[in-house]
């Protein structure tokens, strides 16, 4: 890739709109659920699955379940997306609140 093309690709990625939201990771084999929040809800699964495949997930219980049950047993489900007009200054706070709400509602472990 030419240096200018690489810079253009990086710039285009940075200009993508953020889609803040809450998601659940479910294991069908054990019925375990983990809930987390993300600034890139539509792209979060790709990164999380990569860290799980490489054995580098920061959540030991999720990593252990992944190792025991395999990738096929897991799904990532978007639960809630913040409105596009949510003020930037409030997004982090609201995302934490909504993540806590869904964690309690689903009796899940937090990511």
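For the subset of region 33-44 comprising residues that are buried (at least 18 other Cβ atoms within 10 Å of the Cβ) and not in a strand (DSSP E or B), which member is nearest to the chain's Cα centre (by Cα)?
Looking at residues that are buried (at least 18 other Cβ atoms within 10 Å of the Cβ) and not in a strand (DSSP E or B), I get 44.
All but one of (1) more than 18 Å from residue 102 (Cα to Cα); (2) buried (at least 16 other Cβ atoms within 10 Å of the Cβ) hold for residue 25; which doesn't?
Here residue 25 meets the rest and fails (1).
In region 68-91, what residues are free of Cβ contacts under 8 Å to residues at least 60 places away in the same chain and either farther than 16 Å from residue 34 by Cα or surrounded by fewer than 15 Cβ atoms within 10 Å (Cβ to Cβ) (or both)?
In the first step, residues of region 68-91 are kept if they are free of Cβ contacts under 8 Å to residues at least 60 places away in the same chain; the result is 68-80, 83, 85, 87-90.
Those that are free of Cβ contacts under 8 Å to residues at least 60 places away in the same chain and either farther than 16 Å from residue 34 by Cα or surrounded by fewer than 15 Cβ atoms within 10 Å (Cβ to Cβ) (or both): 68, 70, 71, 72, 75, 77, 83, 85, 87, 88, 89, 90.
Applying the selection to region 92-111, what residues are closer than 20 Å to residue 30 by Cβ, touching a strand residue (DSSP E or B) at 6+ places or on another chain (Cβ under 7 Å) and in a helix (DSSP H, G or I)?
Within region 92-111, 102, 103 qualify.
For region 52-61, what are the residues that are under 23 Å from residue 98 (Cα atoms) and not in a helix (DSSP H, G or I)?
Within region 52-61, 57, 58, 59 qualify.
This table checks each residue for (1) assigned to a helix (DSSP H, G or I); (2) farther than 18 Å from residue 109 by Cα.
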{"position": "6", "(1), (2)": "yes, yes"}
{"position": "24", "(1), (2)": "no, no"}
{"position": "29", "(1), (2)": "no, no"}
{"position": "46", "(1), (2)": "yes, yes"}
{"position": "49", "(1), (2)": "yes, no"}
{"position": "63", "(1), (2)": "yes, no"}
{"position": "68", "(1), (2)": "yes, no"}
{"position": "78", "(1), (2)": "no, no"}
{"position": "85", "(1), (2)": "no, yes"}
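Given (1) in a helix (DSSP H, G or I); (2) modelled with pLDDT of 95 or more, identify the lone condition not met by residue 12.
Residue 12 satisfies all of (1) in a helix (DSSP H, G or I); (2) modelled with pLDDT of 95 or more except (2).
The values are calculated or read from the model by the stated rules, or taken from the named source; none is laboratory data. Given the structure is predicted, the values throughout are model-derived calculations rather than measurements. FYI the Cβ positions are ideal-geometry reconstructions off the backbone, even for glycines, and counts take in every protein chain you see.
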